[in-house]
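To keep things clear, I will list the structure first and then write my remarks on it.
Taken together, the values in this text are just the output of simple stated rules run on the coordinates, not laboratory data. Here the structure is a predicted model, which means the values were calculated and not measured. FYI the Cβ positions are ideal-geometry reconstructions off the backbone, even for glycines, and counts take in every protein chain you see.
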Amino acid sequence: MYAGIDFSPQENGESEVLGLDLVFDLDHDEVLMSSVWDIAAVAGVDPNPTSHLQGPCIEVVPKDGTLKTMSIQRVGGLLPGVTYRVRTSTVTTRGNLRNLWSHIRGVGTEP
């Protein structure tokens, strides 16, 4: 499911942690047990988009939250002029499989 909002553009030399919160997709007291992120170029060309996922993703309790409903992943080195879809695929304490995705655009000087 689309998260409803895209991430702010990222310059090629930047690296930041992105988070997708599934709180509205989960049942009462259901939490994330595991997650996996993937990234794909949806506009523009990037021969190796998975290289922009830096380190492991983890499941966390969001600020002001009480349950582990958010998956976070460090992303960096996006290519200028390329729009990416980032997606987390999660497994919950009830055995449900949930997906949430958004877009992020690489900006800056073209190489």
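Report note on the peptides 63-74, 3-14: ranked by the mean count of other C-beta atoms within 10 Å, highest first, their order is 63-74, 3-14.
Label-to-label distance, A40 versus D64, with points set 7 angstrom from Cα along the beta-carbon direction: 3.4 nm.
For Rg/Rh (Cα atoms, Kirkwood Rh), computed directly from the structure shown, the correct entry in (1) 1.00; (2) 1.95; (3) 0.92 is (1).
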